[in-house]
Every structure is written in C-alpha cells, then in structure tokens.
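Please treat every number below as a calculation from the coordinates, not as lab data. Quantities reported herein were computed from a predicted structural model and do not represent experimental measurements. When we count neighbours, we look across all protein chains shown, and the Cβ atoms used for this are built from the backbone with ideal geometry, even at glycine.
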Amino acid sequence: MLTTKSQDLFQKAQKIIPGGVNSPVRAFKAVGGNPIFIKSAKGAYIYDEDDNAYIELINSWGPMLLGHAHPKIENAVRNALEHSFSYGAPTRREVEMAEMIIKMVPSIEKVRMVNSGTEATMSAIRAARGFTNRSKILKFEGCYHGHADSFLIAAGSGMATMGIPDSLGVTKGVAQDTLTAPYNDLATVEMLISANKEEIACIILEPVVGNMGCVAPAQGFLKGLREICTREKIVLIFDEVMTGFRLARGGAQELYGITPDMTTLGKIIGGGLPVGAYGGKAEIMDNLAPVGKVYQAGTLSGNPLAMAAGLAMLHEINDNPQIYKQLDDICLQITEGIAEGCDDLGINYKINRVGSMFTLFFTDMEVTNFETAKTSDLAFFGKYFQAMLKRGVYLAPSQFESMFISTAISEENIKQIIKANKESLEEILG
Ligand code: KE4
C-alpha cells in the first residue's frame with residue numbers, strides 16, 4: 001500500500017503538533033511505523049490520503065456504532081446547520097437529549113451535558129466529592145477515564161502504551177487522593193476502604209474495560225462493588241463512556257443488572273461529534289451550580305450540532321433494539337474466525353469479547369486485569385497490526401485497546417477480516 005501522502009503529512013505535522021497528533025494513541029508509537037492520515041469514511045470503511053480503503057474496527061474509538069456517515073445522523077446535522085452553530089444558551093434539543101438519556105439509562109435522574117468523556121468523568125468525581133465531603137477516589141489499574149489529573153495514576157489506554165505509570169505534571173497532592181486496586185479484586189478494595197475509612201468519595205470504574213484491552217468484570221465483581229459502596233456510603237460511578245449505548249441500550253449497567261449512583265457517557269452519545277455527559281441520582285446532581293456549590297461549566301456544552309447528531313444516534317438505537325443482536329453476531333463471527341486462524345497456526349492467544357467489543361491478546365494467560373494484560377507479546381502485536389493494516393484492516397494501534405464493531409460490517413467484510421488475520425499470522429511466522 002502506497003502511503004506517501006500520509007508520510008508527508010506526518011513529517012509536516014510533527015514539526016507543529018506534539019508527536020504530529022492531537023491524541024497520543026493515534027501516533028502508532030506502540031505498533032511502529034507512521035500513522036495513516038484519514039481523508040474520509042463511509043459505512044464500514046475509512047479512506048486515507050492515498051485513497052487506500054480500510055475496514056474499520058476502531059470506529060473513532062467507539063462512537064460510530066452504526067458505521068460512518070449514517071444518513072440519519074448526517075441529515076440531522078445538515079438540518080441543524082440551517083440554524084447556525086452555537087448560541088451559549090439553553091435549547092430545546094438539550095431538553096430532548098436529557099429526556100432520551102434518562103429514558104435509556106434509568107439510573108440517571110438528572111444529567112449534565114459536556115464536551116468529552118474526560119469532562120464527564122472529572123466533573124462526576126467533583127460532584128461525588130462535593131456530595132460526600134470526602135477527598136479520595138478509588139480507581140482500577142488499567143482503567144482509563146480520560147486525562148484529568150486524578151485519573152492519570154496507573155491508567156490504561158494511551159498511558160499504558162506510553163509506558164508512563166504516572167503522567168508528569170500530576171502533582172503529589174493530586175496523586176495522594178487517588179487510590180488504585182487491581183481490576184476484579186474486591187479484597188484489595190476492602191483493604192483500601194479499611195485503611196481510608198470514611199475518606200473515599202467514590203469508586204470509578206469501566207464496568208467492562210476497554211482501556212487495558214477488553215476485560216470483563218468477574219462474576220460478582222460489580223455486585224460486590226455495589227454492596228460495598230452502599231455499605232460505606234461511597235458513590236459508585238460507572239464510566240460508560242465506551243460501554244454506554246454500545247453493550248445494550250442502557251449500557252453495561254443494563255447488561256449486568258447493577259445500578260450505579262452516577263454514570264459518565266461519551267462517544268456514541270455524540271454520534272461522532274464532541275459530546276460527553278454525566279448524571280445520576282438527583283440528590284447528587286443537585287449539588288451542581290447553579291443549584292448547589294459544585295462548579296462545572298462549558299462554553300459549548302449542549303452544542304446544537306452535537307445535540308442533533310447525538311439525538312439522531314440515540315433515536316436510531318432506541319427504535320432498533322435488534323441492532324444489539326446484530327452487533328453481537330458480527331463480533332462473534334469475527335472473533336471465531338480469528339480464533340480458528342490462531343488455532344490452526346498454534347499461536348498463543350486469548351480473545352476477550354463482550355458484545356461488540358473485543359481484544360486479541362497474544363498471551364496464553366487468561367486476561368482478567370492489567371497485570372495479566374501486560375503479559376501479552378507487544379512486539380508480536382505490532383507486527384500483527386502492520387500486517388493487518390497492509391491487508392486493509394484497521395485495528396486499534398495498541399494491544400491495550402478494544403476493537404469496536406459497527407452494524408455496517410458486512411458478511412463479505414467478515415470474510416476479508418478473517419482471511420487477513422490468517423495471512424498476517426502466516427507472514428509473521430514466516
Ligand atoms: P475523551 O476525553 O477522550 O472523550 O474520553 C475519555 C475516556 C473516558 N472514559 C473511557 C472509558 C474512555 O475510553 C475514554 C477515552 N477512550 C480513548 C480510547 N481508549 C479515547 C482515544 C484517545 O485517547 O484518543
């Protein structure tokens with residue numbers, strides 16, 4: 001595949017944008033080579049500046065659940081465009097969006113729109129701290145909740161890829177208020193709570209992890225956290241920025257039947273435009289300004305174009321619940337085909353899949369937390385990524401990420417992915 005235009009752009013970009021990218025994981029640091037620069041996308045495909053076509057298994061890191069350029073979402077934005085771009089004032093669409101979210105995620109009694117998942121999570125822990133008058137938060141190693149200071153401790157996603165256990169620029173003062181435990185480890189959670197009695201404001205987690213690669217909650221883990229938080233009056237926050245509206249209409253909390261006190265949302269909720277949201281019990285949310293004394297604000301929060309895209313996405317999901325079986329079927333066929341290829345060639349691998357999220361780990365250990373995720377052969381993953389890319393399959397450029405399936409992936413695409421997998425593995429094995 002010729003990628004000269006991408007290479008030229010990357011050379012230019014690196015001179016004026018840190019690392020040549022506006023988000024670290026895009027730089028392909030974990031897999032080697034230069035990133036491809038995308039020019040357009042449609043359905044299951046993205047197209048780079050050299051007009052190469054790739055079958056998409058990232059889907060903008062989750063938002064494009066229905067594939068790229070879905071006509072209903074495009075039309076909604078086009079219609080909104082006729083009324084200008086932004087007002088910085090309340091609008092009808094924001095009320096409709098809040099109504100849709102509360103209808104689809106019943107644990108949310110009140111919700112605030114923001115512009116990214118990071119804004120959602122950083123605001124949610126501030127609300128929890130204001131509500132409980134406690135300072136500490138507890139997160140899990142390998143979970144990523146965006147780039148707010150409090151979360152950049154043992155974080156996943158790009159942080160894991162960068163090999164930076166704690167980001168520079170995060171002060172000791174901030175770090176001391178973030179406790180971490182291994183994912184799926186209730187005993188350590190109990191130990192930390194005993195050692196920090198009545199000091200922990202909230203426990204925040206990805207109810208299904210995408211950011212250490214896909215890792216499911218162990219049997220009883222979510223239920224155990226719910227019981228602990230109820231007993232200790234700790235706010236339980238499900239970070240559903242990735243899983244919200246993806247794993248079920250009501251997200252992971254619907255799939256596993258566990259009710260958090262607060263939920264953070266992003267990605268799919270914006271249909272591809274910048275939207276985040278956080279919400280939960282009214283008694284917590286009513287502490288937010290202008291009602292209460294927890295301050296949070298945003299110039300473009302509830303932006304009309306982003307609300308139009310997000311509303312079109314949520315209505316399409318809400319009106320077509322059968323898409324979840326479709327997504328599950330597509331993802332199952334892909335992972336079964338990949339597994340068959342790995343088995344045929346005697347590859348050490350584990351596939352973790354929940355619904356339309358999956359990760360292929362190159363390890364022979366069950367991946368249940370960050371420590372086991374890190375046993376994966378990262379060099380092998382890098383070769384696999386490049387081999388799949390040149391065969392026109394676009395994977396997440398890091399072992400510590402999840403793939404995201406869209407309904408736009410066809411039977412033919414599934415065959416192409418499975419064929420590319422086998423050929424890539426054969427090429428690497430030589
Ligand atoms: P944003 O601020 O990137 O919109 O959302 C932060 C965030 C919060 N919570 C979860 C569970 C997330 O997965 C994310 C962001 N996800 C990454 C992908 N692993 C975004 C990709 C990137 O950083 O470029």
Around Met159: net Lys/Arg minus Asp/Glu count, Cβ-Cβ under 13 Å: -1
Positive dipole terminus of the stretch 71-319, leading residue within Thr118, Gly280, Pro207 (C-beta point charges): Gly280
Scattering profile of the stretch 1-88 at q = 0.17, 0.22 Å⁻¹ [log10 I(q)/I(0), Debye over alpha-carbon scatterers]: -0.87, -1.10
Magnitude of the charge dipole, the stretch 71-319, Cβ model with Lys/Arg +1 and Asp/Glu -1, debye to 20: 240
Segment Leu429-Leu332, extension gain: residue separation times 0.36 nm, minus the distance between their alpha carbons: 32.4 nm
Gain in span if fully extended, Leu378 to Asn133, counting 0.36 nm per residue against the direct Cα distance: 84.0 nm
For the stretch 106-120, 3J(HN,Hα) per residue [Karplus equation, 6.51 cos²θ - 1.76 cosθ + 1.60, θ = phi - 60°, Hz, x = Gly/Pro]: x, 6, 8, 9, 9, 9, 10, 7, 9, 10, 6, x, 4, 4, 5
Projected label distance in nm at Thr230 and Arg92, using a 7 Å step from Cα toward the beta-carbon: 4.2
Along principal axes, Cα extents of the chain, largest first, whole Å: 60, 55, 46
Sites His315 and Glu283 - FRET efficiency at Förster radius 45 Å, r taken between beta-carbons, to 0.05: 0.95
Fully extended contour minus Cα-Cα distance, from Met365 to Met191, at 0.36 nm per residue: 60.0 nm
Spread of Cα-to-Cα distances over 10 Å intervals beginning at zero, given as percent, for the stretch 71-319: 8, 33, 36, 19, 4, 0
Highest-MSF residue in the chain out of Val21, Val291, Val393 [GNM, Cα springs under 10 Å]: Val291
Interchain or long-range residues, amide H under 5 Å from Ala181's placed H: Lys139, Phe140, Glu141
Of Lys42/Lys72; Lys390/Lys422; Lys136/Lys233, pairs whose Cα-Cα distance is over 23 Å: none
Fraction of antiparallel bridges per DSSP, the chain only, in percent to nearest 5: 60
Separation in nanometres of the label points that stand 7 Å from Cα toward Cβ, at Lys422 and Ser23: 3.4
Efficiency of FRET from Cβ geometry, Lys415 and Ile102, R₀ 51 Å, rounded to 0.05: 0.80
The stretch 71-319: relative contact order as a whole-number percent, Cα under 8 Å and 6+ apart: 31
HN-Hα J in Hz across the stretch 373-383 - Karplus 6.51, -1.76, 1.60, θ = phi - 60°, x for Gly and Pro: 4, 6, 7, 5, 7, 5, 5, 4, 4, x, 5
Positive-end extreme of charge dipole, the stretch 71-319 - chosen from Ala195, Ile153, Gly220 (charges on Cβ): Ala195
Size of electric dipole in the stretch 373-430: Cβ of Lys, Arg +1 and of Asp, Glu -1, about Cα centre, debye, nearest 20: 80
Test item: Cα-centred dipole of the stretch 307-397, Lys/Arg +1 and Asp/Glu -1 on Cβ, debye: 380
